[in-house]
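Working notes for the structure below.
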Amino acid sequence: MNSPVAQRGRVAVVGAGPAGMATALSVHQAGHDVVLLERYPRARPAGNILNLWPPPIKALGLMGVDIDDLGAPCYSEFRSASGRRRVAVNLPQHVLDAYGGGFIGLLRPDLYERLLAALPPNVLQVDRRVESFEQDADGVRLHMADGDHLDVDVLVGADGIDSMIRRTLWGDSPKREHNLHIFGGYTFEDIEAERGLCILSHSRDVQGSWTAIRSKGRNGFQWWVLGAHDGKKEFTGDLYATATQMAAPFAAPLPQLVAATSADHVQHWVLRDRKPLRQWSKGRVTLVGDAAHSTSPYAAYGAGMATEDGYFLGRRLAGLDLSSLSAVTRALTEYETPRKPHTARQSQQAYFLGQLFHHTPKPVQIVRDLVLDHTPLLQKVVGESSPGEIISQLDKIDEAEAAFVRALGRQ
């Protein structure tokens with residue numbers, strides 16, 4: 001005998017970045033009514049360049065996002081500034097066959113465009129700022145900046161590193177300064193560089209990296225340079241000139257890629273995060289993406305983990321009566337429990353690598369580089385453990401999708 005049909009629930013998602021849009025898509029597929037609330041006049045990407053590993057690509061496809069020709073498949077290596085290989089990130093052949101490479105390089109606005117195109121009509125509401133909320137056993141009430149209020153069964157905070165939802169649940173916590181900054185850009189000029197590669201290279205105190213990208217049928221390259229910077233001080237220099245200077249000591253084609261980049265295609269970020277939370281959910285409210293686990297670009301996984309969060313959360317809510325507090329709290333616990341160790345590991349490893357490469361005392365840098373060049377340390381820390389995490393997440397998506405199909409079949 002089939003189980004009774006679950007009552008359609010009402011879910012509000014605050015913040016229309018990758019985490020919020022993925023959550024809205026997955027929750028909609030789970031059969032619930034969902035509204036995506038964006039405080040700005042449009043969903044806008046915070047940055048220009050992006051890499052996506054296989055798990056978020058797979059999740060995007062399952063949520064109905066068009067992933068065909070989304071980016072350039074790449075194989076990644078860590079190298080010294082002179083080009084000496086330190087790490088090869090090797091994935092199993094079946095993963096390479098399925099995704100064309102270890103990850104794809106793309107432009108962040110292209111991902112937003114694909115996500116927005118997949119959203120059902122009327123899900124996204126812009127110029128909708130949430131000022132506060134409260135919850136009880138029966139639901140959550142959101143108070144809007146325009147004086148309106150909204151009643152829902154579940155609230156999801158996808159509102160970034162400065163999340164109001166997180167602050168309301170768990171209080172304020174200081175941002176962790178990495179004392180690093182990054183300059184990134186892209187070009188579609190015809191530069192002599194091998195396609196299908198991501199090269200992450202390091203001098204004594206700068207990371208200089210590049211990867212192939214693909215955007216709207218065009219082949220190009222993205223690049224970034226990263227170095228020490230006092231996070232408490234505003235950077236006032238010229239972005240293009242500083243990036244050019246930082247890239248100069250590196251092997252080709254990095255300096256040539258920077259030289260071929262239009263100055264208006266260069267952006268700058270200061271690296272900050274917050275230490276991982278021990279708990280993401282309370283009652284009927286939970287967190288996804290940077291609101292739960294802000295992560296340095298050193299992980300190259302921030303948008304990817306945010307996308308995965310949204311996917312897994314929606315799958316956990318399938319087939320549930322969201323009017324039941326016990327059902328909601330159980331589902332939110334089941335959502336966050338496997339996500340916390342994975343995301344905390346990525347966040348902490350990104351912080352560690354940033355400190356290792358950019359804040360090692362100068363007398364120790366020579367020893368550090370000898371260790372990295374002549375021992376398997378970095379290969380084990382990055383080259384072997386990261387593929388293991390990727391394979392594990394792919395397996396978890398398969399498990400979640402099977403459970404999702406069963407849950408929908410019981411309705």
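The values are calculated or read from the model by the stated rules, or taken from the named source; none is laboratory data. Not measured: the values here are computed from a predicted model. Because the Cβ atoms are built from the backbone with ideal geometry, glycine has one as well, and the counts that use them run over all protein chains shown. These area figures cover heavy atoms from the full protein model, side chains too; ligands, DNA and RNA do not enter into them. Shrake-Rupley method; radii C 1.70, N 1.55, O 1.52, S 1.80 Å.
Kindly list the number of the only condition in (1) open to solvent by 40 Å² or more (accessible area, probe 1.4 Å); (2) touching a Phe, Trp or Tyr at 6+ places or on another chain (Cβ under 9 Å); (3) touching a residue at least 60 places away in the same chain (Cβ under 8 Å) that fails for GLN348.
All conditions pass for GLN348, except number (2).
Return the residue satisfying two criteria in turn: it lies in the range 252-271 and is among the aliphatic types (A, V, I, L, M) and not in a helix (DSSP H, G or I), and of such residues it is most open to solvent (accessible area, probe 1.4 Å).
Filtering first and then ranking leaves ALA252.
Taking the options THR329, THR375, name whichever one is of a type in the set (Val, Ile, Thr), more than 17 Å from the chain's Cα centre (by Cα), open to solvent by 20 Å² or more (accessible area, probe 1.4 Å) and more than 21 Å from GLY31 (Cβ to Cβ).
One residue alone meets the criteria, THR375.
Any residue at all in the range 238-250 that is among the small types (Gly, Ala, Ser), open to solvent by less than 60 Å² (accessible area, probe 1.4 Å) and farther than 30 Å from GLY100 by Cα?
Yes, some residue in the range 238-250 is among the small types (Gly, Ala, Ser), open to solvent by less than 60 Å² (accessible area, probe 1.4 Å) and farther than 30 Å from GLY100 by Cα.
I'm trying to understand the selection: among the residues of the range 292-330, which are of a type in the set (Asp, Glu) and farther than 16 Å from VAL156 by Cβ?
Correct list: ASP321 only.
Between a first residue in the range 231-256 that is more than 27 Å from ASP273 (Cα to Cα) and a second residue that is hydroxyl-bearing (Ser, Thr, Tyr) and in a helix (DSSP H, G or I), which pairs have beta carbons less than 9 Å apart while being 6 or more apart in sequence or on different chains?
PRO255/THR244
Listed here are the residues, each with its yes/no results for (1) modelled with pLDDT of 90 or more; (2) of a type in the set (S, T, N, Q); (3) surrounded by 11 or more Cβ atoms within 10 Å (Cβ to Cβ); (4) outside any helix (DSSP H, G or I).
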| residue | (1), (2), (3), (4) |
| --- | --- |
| PRO363 | no, no, no, no |
| ASP369 | no, no, yes, no |
| VAL382 | no, no, yes, no |
| SER385 | no, yes, yes, no |
| GLY388 | no, no, no, no |
| SER392 | yes, yes, yes, no |
| GLU401 | yes, no, yes, no |
| PHE404 | yes, no, yes, no |
| ALA407 | yes, no, yes, no |
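So, of the residues in the range 208-234 that are open to solvent by less than 50 Å² (accessible area, probe 1.4 Å), touching a strand residue (DSSP E or B) at 6+ places or on another chain (Cβ under 9 Å) and not in a strand (DSSP E or B), which turns out to be modelled with the highest pLDDT?
HIS229
Report, ordered by the first and then the second residue, all pairs with beta carbons closer than 8 Å, sequence separation of six or more or different chains, a first member in the range 274-291 that is under 12 Å from GLY157 (Cα atoms), and a second member that is among the aromatic types (Phe, Trp, Tyr) and part of a loop (DSSP other than H, G, I, E, B).
Close Cβ pairs satisfying both conditions: THR286/TRP280; LEU287/TRP280.
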